[in-house]
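To start, the structure under review is shown below, and the notes come after it.
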Amino acid sequence: MIRLDSVSKVYKTSARPALDGVSVDVDKGEFVFLIGPSGSGKSTFLRLLLREEVPSKGRVMVSNFDVAKMARRRVPRLRQTMGCVFQDFRLLANKTVAENVAFALEVIGKPKRTITKVVPEVLELVGLEGKADRMPNELSGGEQQRVAIARAFVNRPLVLLADEPTGNLDPDTSQDIMLLLERINRTGTTVLMATHDHSIVDSMRRRVVELHLGKVIRDDKRGVYGVGR
Amino acid sequence: MRASFVFSEVVTGLRRNVTMTIAMILTTAISLGMFGGGLLFVRTIDKMQASYLDDVEVTVYLTEDISANDQDCTGEPCASIRQSLESNQAVESVVFEDRAQAYERFQRIFEGQPELVELARPEALPASLHVKLFDPARSDVIVQEFSGQAGVANVDDQNKFLDRFFDLLNSGRNGTFIIALIAALAAVLLIANTIQVSAYTRRTEVGIMRLVGATRWYTQLPFLLEAVVAGALGAILGVAGLVALKYVALDRILEATGGAIPKIELFDVLFPVAPILLITSMLISAVTGYVTLRLYVRH
């Protein structure tokens, strides 16, 4: 589903490569933690998959898309196969919960009847039934992240990218969010999550890819956060 | 593409930025109003040129010798001057006016000033050949060919006088266009700025749109349409301003010239000036918007 083949990324403003000869294969339906200290290259990794950046060297494949080589006008197609969740939720403050989720479908031109059908379904999946008409500022942090996950998942993406999704949440709420991501993973969606959260990685026992100074220094099938340190 | 979505985004954008939008519309209106004024200037000058040039002629004044002795231009060198004028391809007609006829015309022109008529004597007026040209604008040819010829005192080209008059009008027109251009530059910069501000205030929306895979058209069309709508409103306001100016001031001013400068009709403003302004404005807004989005808003 995702393949990075000897990928390097050098930013103009930095002498050291953000990623340095990284090769990673992720199968369909896998759940992968991407860990490492700040500046280790996790965000660059995710940005390359989204084609927010192009690699300086190497090849990036997502599904059947050759991400680095594809024409710019095809990038929206690539992004429609992926969902994104962030630490800061990135909800639209002037739209209700349902409108925030519907927005993701409206802007890719989905018909209204599809939207009115699938939005309540996905809100139920993330446990927000009955809160469709609330504004984001009327929700707790955990609930806001659920809305963000609903928005990322509503178009049934092949891959869900999560960048520190529990970074702003307390441990209990984080646990709930992880259960939700696990549930989404069980539907066959590949989940790739960048995180600093030891306890979550340790308790989930999923594949762990550790980056350090832009290189992969560990890739464990069922890893924990702190091994070898 | 869902039109209702794009439309609601445009309305939201225009309302969110209301002071900026008003500034953009007003500047566009002023610039287009000036531009339209320039176009009306051109149209008026054209009309005047057409009506004046019909009556323009070149006058070949003959020497004292001919004026005194040749009553009907049959002797030399008058006859050959006339002959060569008549055979010239640019010439439509040639009329000989002898001293007596010139005096009659003089009396007619200055009948309001009898003391002047009394002072003048027929001997002071030269006989002349009045030459009408097919293309009065090409009078130079005749002036060059006949000036200094034997029997010719001098050649007077009425076109020269009109040229000076039209030069004056043309500089008025050019001035209007230059001011319009400066105002247009201000309008273009304002449009670019408004779009940048608009894109900045909506950066979260745009960021989400990009991430969920909205196409460039979907993310940027609302901004582009915002500029085009403002441009169209500016054009409509500009045309309304011109119409108001016509009724409030221009009609009275032009009437005071006693018909020397023709009146500007409402029809002149509405067609072709209004559509030109509307199309120019929408086109410039769209191009400015497109370029701004390309340069400043990442996709």
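The values are calculated or read from the model by the stated rules, or taken from the named source; none is laboratory data. Computed from a predicted model, the values in this text were never measured in an experiment. We place every Cβ from the backbone using ideal geometry, glycine too, and count neighbours over all the protein chains shown. Surface accessibility is based on the protein's heavy atoms, side chains included, excluding ligands, DNA and RNA. Shrake-Rupley method; radii C 1.70, N 1.55, O 1.52, S 1.80 Å.
The helix-based estimate of mean residue ellipticity at 222 nm for chain A, built from -39,500 (n - 2.57) per DSSP H run of four or more residues and divided by its residue count, is -10000 deg cm²/dmol to the nearest 500.
Of all complete DSSP H helices in chain B, those with a Cα span along the helix axis of 18 Å or greater and a mean Kyte-Doolittle hydropathy of 0.5 or more are B:3-16, B:18-53, B:158-201, B:216-245, B:274-296.
Using +1 on the beta carbon of Lys and Arg, -1 on that of Asp and Glu, and nothing else charged, what's the dipole of the protein assembly as shown about the Cα centre, debye to 20?
In debye, rounded to 20, the protein assembly as shown gives about 5320.
Relative to the longest principal axis of the Cα atoms of chain A, the long axis of helix A:171-186 lies at roughly 90 degrees.
Between the helical axis of A:112-125 and the longest alpha-carbon principal axis of chain A there is an angle of about 70 degrees. In summary, region B:57-138 shows an alpha-carbon radius of gyration equal to 1.20 times the 2.2 N^0.38 Å reference for compact globular proteins.
Of all DSSP beta bridges in the protein assembly as shown, what percent run antiparallel (nearest 5)?
Details: 32 of 50 bridges.
In the protein assembly as shown, approximately 65 percent of DSSP beta bridges are antiparallel ones.
With 0.36 nm allotted per residue and the present C-alpha distance subtracted, the A:E52-A:S38 stretch has 3.1 nm of extension available.
Note on chain B: along the principal axes its Cα atoms extend 99, 38, 26 Å, ordered by decreasing extent. Principal-axis analysis of the Cα atoms of chain A puts helix A:97-106 at an angle of about 60° to the longest axis. Take the Cβ atoms of B:K132 and B:L185, set R0 to 45 Å, and the FRET efficiency comes out at 0.45. I'd like the distance between the alpha-carbon centres of region B:9-37 and region A:77-94, rounded to an integer number of Å. With region B:9-37 and region A:77-94 each reduced to a Cα centre, they are spaced 33 Å.
Taking only the Cα atoms of the protein assembly as shown, the radius of gyration and Dmax are 40.4, 129 Å. Inter-chain neighbour count for B:213-226: the average number of beta-carbon atoms from partner chains within 10 Å of each residue's beta-carbon is 3. Each residue was assigned an accessible area with a 1.4 Å probe, and for B:T201 the value is about 60 Å². For region A:38-195, what class follows from the C-alpha gyration tensor (a ≥ b ≥ c being the square roots of its eigenvalues): rounded when a/c is under 1.5, otherwise prolate if a/b is larger than b/c, else oblate? Taking the square roots of the gyration eigenvalues as a ≥ b ≥ c, region A:38-195 is oblate. Ordering B:N170, B:A199, B:V188 by Cα displacement along the dipole of region B:72-231 toward the positive end leaves B:A199 in first place; charges were set at the Cβ atoms of Lys, Arg (+1) and Asp, Glu (-1). Placing unit charges on the Cβ atoms only, positive for Lys and Arg and negative for Asp and Glu, gives region B:57-138 a dipole magnitude near 220 debye about its Cα centre. Per residue, the convex hull spanned by the alpha carbons of region A:92-147 comes to 72 Å³. Only Cα sites of region B:110-246 enter the Debye sum here, all with the same form factor; the resulting log10 I(q)/I(0) across q = 0.13, 0.15, 0.21 1/Å is -0.86, -0.97, -1.26, listed in q order.
As an exercise, take the mean of 1/r over every pair of distinct alpha carbons in region B:125-167, invert it, and state the Kirkwood radius in angstroms.
11.5 Å
With each label modelled as a point 7 angstrom along the Cα→C-beta vector, the A:N137-B:D65 pair spans 10.3 nm. May I ask for the distance between the Cα centers of region B:116-178 and region A:1-72, given as a whole number of Å? The distance from the Cα centre of region B:116-178 to that of region A:1-72 comes to 82 Å.
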